[in-house]
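A quick write-up on the structure given underneath.
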Amino acid sequence: MIATATKEILGEEGCLSVIMPAYNLGGCIYDNILATAAELASIRFEVVVVDDGSSDNTAEEILRAKAALPNGVVVPVLLRKNKGKGAALTAGLHASHGNYIVLLDGDLDLKPSHVWGFFDVMKQTNADVVIGSKLHKKSNIKYPFRRRVASFVYYSLVRLLVKLPVHDTQTGAKLFKREALQYAFDRMLAKRFAFDFEVLTILHNKGYKIAEAPVEFNFGEKMGCLTAANVKNVMIDTLGVFYRQRLLKYYDSVEVCQMPSPLPGVSVIIACPNHAACLDECIEKLIAQEWEGELEVIILPDEDFEKPSAYPDFVKIIPTGKLRPAEKRNIGIKEARFELLAFVDDDAAPLEGWLEHAIPYFSDETVVGVGGPALTPSTDSFLSAAGGRVYANIFVSGGYRRRYIPTRVCNDDDLPSCNLFVRKSAVEAIGGYDVRYWPGEDTQLCMALTENTGKRIVYDPWVQVIHHRRALFLPHLRQVSRYAKHRGHFARRGFSTSFRLCYMVPTAFVLGVILGGAVVAVAGLAWLTWIYAACCGLYLLLTLFSSFSFNPIMWVATWLGVIATHFAYGINFAYGWFAPGMETKVKSFDHYGDSATKSDNFNNDRN
C-alpha cells in the first residue's frame, strides 16, 4: 500500500516504533519480525520486540531476527519473568524511540499493513489515537460466534461503565502519538487483564481524541484467551478501572515521577518480638518484589533465632532485647546501609509493585516520605476480617479510610510505620523515632518530618501491604483503646496532626449519648424522649447500612464492632486528654505467645 499519509505525518525526522509483545511464539516470531520489517521498509521505523518471560525459544528467535536485519531495526527487550501484556508493552515503550507508536500483537493475527490505513484515519480525523475495530462497518473479519457475543457483551459493559466512545477495545493493533501513550502508561495499573480498556479510558478521560479504523481479521475457530478464568479476571480488572476512574478520580490525582537512575538501594526495617509464621510471609513477599536495585532487610527481634534457609543473604537479624518498636526501629536506622528506608511490620507483607510504586516519588526532592494502605488479607480469620472491616468503615475512620483501602494519591502527614518509606538523612536529622511514645511513635515521626523539613509525605494507594488484624472483640478494642489514649494525649499537647475534629467526634458522641440520656431521664418530657430516640435510631441505621455484607453474620459482627469501637475510642480519647502522661511499658500481651497468634502482634497500624 502507499504510505503517503504515514510519511506526511512522520515527516523527515519522524520514526515509527512498533512494539510487539511475544509470549511463547518461538515457532513464528522470527518470520513475523521479518514480515513487519519488510512491510515498513519505506519509512523510518524500529521493531521493539518484548519477550514476556517465554518458556520456549522466543528470546533466541528474537535475537536471530535482530542479527538478520540491519543494525537498529530490531530492539529486543527480554523479560526474565512473565508479567503480562501490560508490563511487556510498558517495557517496550521505555526501550522505544519513535514519536509514533504502534502496538501490534506478536502473532500477527493483524497484519502490519494495517499501519498505513491507521495513519490515513489519523490524518482524516486529526486523532491522537487510532485503534483497530472488528466492529467497524468496513472491517472484513472471520470471527467465531462465541467471540462475537463476548465482544458485544464487553463493549456494552464498557459503554455502561465509563461511556468510552469506541466499539472495540481489545483488537491487537493500535496507533498512538507518543505523548498520548506516555500519558496513559504513566498512570496505568493493569498489567494483564483489561489493559487495553484502561489505556483508552485514561486517554478519553484526559480529552485525547480516539478514532477507529477497519481491520481484516481471520481468527478461524481459535478461542484464544477466552477462558472462564480469563473472562472473570477481565471483569474484575474492568470494574477496577471503573472504580478508579469514575469513583476515585484516581487518574486525575496521579503524580508522575520517574524511577531514579541509577536505582537506589533500599533498607527494609522490621521490628518484631520474635520469629513467627507471618514474619516468614513478610520475607517471602519481599523476596518476590521484582526490584533490580540493591536491597537489604534488617530484622530486629527480642532474641536471636536461627536464620531460615529460605531467607536470602540480604536479610540480617539483629537481636535487640525486649524493646519498644520505636527503640528497635532507631537501631535499624543506625544499621541501615542505604538512604531510602522502608518500614514494615512483621505481621504485614508487601504486595506486588510495592517498591516499584513507592521509589519513583523520591526523584522529587520535595518528598520526604511515601506510604500507602494496609489491606486486611483474605486469609485472616472471620473475627480478624471483621476487625479489618470495622477499621475500613466510613463512620470509624472517615477520610483516614485510606489507611485500610486504596483511595486517591494525596499528601498525608500521618502514616503508620507498617507501610512507610522515608529518607534516612531526614529521619536522622530529627533524631529518629521518639522513644517516649508507643503507640503513636509514627504519628510523632511523620509530624516532625513534615514540619521540620518543610517537605511532604505522599500517600499512593498502590504502595500496598497486607496487614493481619486483631480479632473482634477484645483484642480489637484493646488496641483501639491504646490508639485513642495516645491520640487524646497528643491532642492535649497540641500535636498538629492529632488536634483535629475527626479524632474528637467519638468523645462528643459518647458524651451525647450519656448526657442526652440523663437529660431525658430527668426531664421526663415525651417530645425530648422522641428526639433522643430518633437520634439514636438514625445512628444505628447509618452504622448498620455502612457495615453491609452479603454474609449476615459478618454484617452484624461489623455493625456491633463499629458501635463498640466508637465507645472505646471516645472514652479512651478523653482519658488520654486528661491523663498526666502515658504508660510506655511493654506488656506481655504486646508480644506473641506463639506463632499462631500472628494477629496479636504489637506492631499494628494506627487508627
Next item on the list: Could you look through segment 285-307, keep only residues that are of a type in the set (A, V, I, L, M, F, W, C) and either within 19 Å of ALA336 (Cα to Cα) or not assigned by TED's automatic domain parsing to the domain that holds ALA348 (or both), and pick out the one that is surrounded by the fewest Cβ atoms within 10 Å (Cβ to Cβ)?
Entry: ILE287
Check: Taking segment 471-512, which residues are within 31 Å of the chain's Cα centre (by Cα) and under 16 Å from ASP434 (Cβ atoms)?
Finding: HIS486, ARG487, PHE490, PHE495, SER496, THR497, SER498
Check: Does GLY524 satisfy being in contact with a helix residue (DSSP H, G or I) (Cβ under 7 Å, 6 or more places away or on another chain), modelled with pLDDT under 95, more than 28 Å from PHE382 (Cβ to Cβ) and of a type outside the set (A, V, I, L, M, F, W, C)?
Finding: no
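Which is under 30 Å from ARG187 (Cβ atoms) and either in contact (Cβ under 8 Å) with a residue 60 or more places away in the chain or not in a loop (DSSP other than H, G, I, E, B) (or both), of ALA448, ALA426?
On inspection, the qualifying residue turns out to be ALA426.
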Margin query: Looking at LEU477, LEU472, can you tell me which residue is within 20 Å of GLY388 (Cα to Cα) and modelled with pLDDT of 95 or more?
Written below: LEU477
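Answer with yes or no whether VAL297 is in contact (Cβ under 8 Å) with a residue 24 or more places away in the chain, among the hydrophobic types (A, V, I, L, M, F, W, C) and more than 19 Å from TRP462 (Cβ to Cβ).
Details: in contact (Cβ under 8 Å) with a residue 24 or more places away in the chain: yes; among the hydrophobic types (A, V, I, L, M, F, W, C): yes; more than 19 Å from TRP462 (Cβ to Cβ): yes.
When the stated conditions are applied, VAL297 passes them.
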Margin query: Restricting to segment 410-449, name every residue that is β-branched (Val, Ile, Thr) and crowded, with 21+ Cβ neighbours inside 10 Å.
Written below: VAL422, VAL427, THR443
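Quick one: count up the residues across segment 434-445 that are among the acidic types (Asp, Glu) and part of a helix (DSSP H, G or I). Outline the logic, then answer.
Filtering segment 434-445 down to residues among the acidic types (Asp, Glu) leaves 434, 441-442.
The next check asks that each one be part of a helix (DSSP H, G or I); those that pass are 441-442.
Count: 2.
For the structure I just gave you, tell me whether SER498 is in contact (Cβ under 8 Å) with a residue 12 or more places away in the chain, in a loop (DSSP other than H, G, I, E, B) and among the hydroxyl-bearing types (Ser, Thr, Tyr).
Working: in contact (Cβ under 8 Å) with a residue 12 or more places away in the chain: yes; in a loop (DSSP other than H, G, I, E, B): yes; among the hydroxyl-bearing types (Ser, Thr, Tyr): yes.
Criteria met by SER498.
Restricting attention to segment 37-45, does a residue exist that is out of contact with any His (no Cβ under 7 Å at 6 or more places or on another chain), in the same structural domain as VAL18 (by TED's automatic domain parsing), without any contact (Cβ under 8 Å) to a residue 12 or more places away in the chain and not in a loop (DSSP other than H, G, I, E, B)?
Kept after step one, since they are out of contact with any His (no Cβ under 7 Å at 6 or more places or on another chain), are these residues of segment 37-45: 37-45.
If we keep only those that are in the same structural domain as VAL18 (by TED's automatic domain parsing) as well, we get 37-45.
From what's left, without any contact (Cβ under 8 Å) to a residue 12 or more places away in the chain: 38, 41.
Right, trim to not in a loop (DSSP other than H, G, I, E, B) and you get 38.
Yes, segment 37-45 contains at least one residue that is out of contact with any His (no Cβ under 7 Å at 6 or more places or on another chain), in the same structural domain as VAL18 (by TED's automatic domain parsing), without any contact (Cβ under 8 Å) to a residue 12 or more places away in the chain and not in a loop (DSSP other than H, G, I, E, B).
Give the residues of segment 438-460 that are more than 25 Å from GLU327 (Cβ to Cβ) and either at pLDDT below 90 or aromatic (Phe, Trp, Tyr) (or both), sorted by residue number. Show your work before the answer.
Quick first cut of segment 438-460, residues more than 25 Å from GLU327 (Cβ to Cβ) only: 454-456, 458-460.
Within segment 438-460, just TYR459 meets the criteria.
Is one or more of the residues making up segment 571-589 at pLDDT 85 or above, assigned to a helix (DSSP H, G or I) and either of a type in the set (A, V, I, L, M) or farther than 28 Å from PHE490 by Cβ (or both)?
yes
If I filter segment 473-494 for residues that are at positive phi and either in contact (Cβ under 8 Å) with a residue 40 or more places away in the chain or basic (Lys, Arg) (or both), do I get at least one hit? Full working, then the answer.
Within segment 473-494, the first condition is being at positive phi, and the residues that meet it are 494.
Those left that are additionally either in contact (Cβ under 8 Å) with a residue 40 or more places away in the chain or basic (Lys, Arg) (or both): none.
No - not one qualifying residue is present in segment 473-494.
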Note to self: When the residues of segment 46-74 are narrowed to those that are touching a residue at least 40 places away in the same chain (Cβ under 8 Å) and under 12 Å from VAL18 (Cα atoms), which ends up surrounded by the fewest Cβ atoms within 10 Å (Cβ to Cβ)?
What the structure shows: GLU46
Next item on the list: Would you check which residues across segment 235-253 are among the aliphatic types (A, V, I, L, M) and either part of a helix (DSSP H, G or I) or at pLDDT 85 or above (or both) and list them?
Entry: MET235, ILE236, LEU239, VAL241, LEU247
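Would you call LEU279 under 26 Å from TYR437 (Cβ atoms) and either under 25 Å from the mean Cα position of the chain (by Cα) or not assigned by TED's automatic domain parsing to the domain that holds ALA349 (or both)? Working first, answer last.
Working: under 26 Å from TYR437 (Cβ atoms): yes; either under 25 Å from the mean Cα position of the chain (by Cα) or not assigned by TED's automatic domain parsing to the domain that holds ALA349 (or both): yes.
Against the criterion (under 26 Å from TYR437 (Cβ atoms) and either under 25 Å from the mean Cα position of the chain (by Cα) or not assigned by TED's automatic domain parsing to the domain that holds ALA349 (or both)), LEU279 qualifies.
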Next item on the list: Of the numbered conditions (1) surrounded by 19 or more Cβ atoms within 10 Å (Cβ to Cβ); (2) out of contact with any Phe, Trp or Tyr (no Cβ under 8 Å at 6 or more places or on another chain); (3) closer than 27 Å to TYR250 by Cβ, SER378 fails exactly one; give the number of that condition.
Entry: (1)
Notebook entry, point to check: Among the candidates ASN99, ASN126, which residue alone is within 31 Å of the chain's Cα centre (by Cα) and assigned by TED's automatic domain parsing to the domain that holds VAL47?
Noted result: ASN99
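Of the residues in segment 160-176, how many are under 19 Å from ALA88 (Cα atoms), not aromatic (Phe, Trp, Tyr) and not in a loop (DSSP other than H, G, I, E, B)? Write out each step before concluding.
Applying the first criterion (under 19 Å from ALA88 (Cα atoms)) to segment 160-176 yields 169-176.
Okay, now just the ones that are also not aromatic (Phe, Trp, Tyr), so 169-175.
Next, only the ones that are not in a loop (DSSP other than H, G, I, E, B) stay: 173-175.
Residues meeting the conditions: 3.
The values are calculated or read from the model by the stated rules, or taken from the named source; none is laboratory data. Computed from a predicted structure; not experimentally measured. Here Cβ is always computed from backbone atoms with ideal geometry, including for glycine, and neighbour counts include all displayed protein chains.
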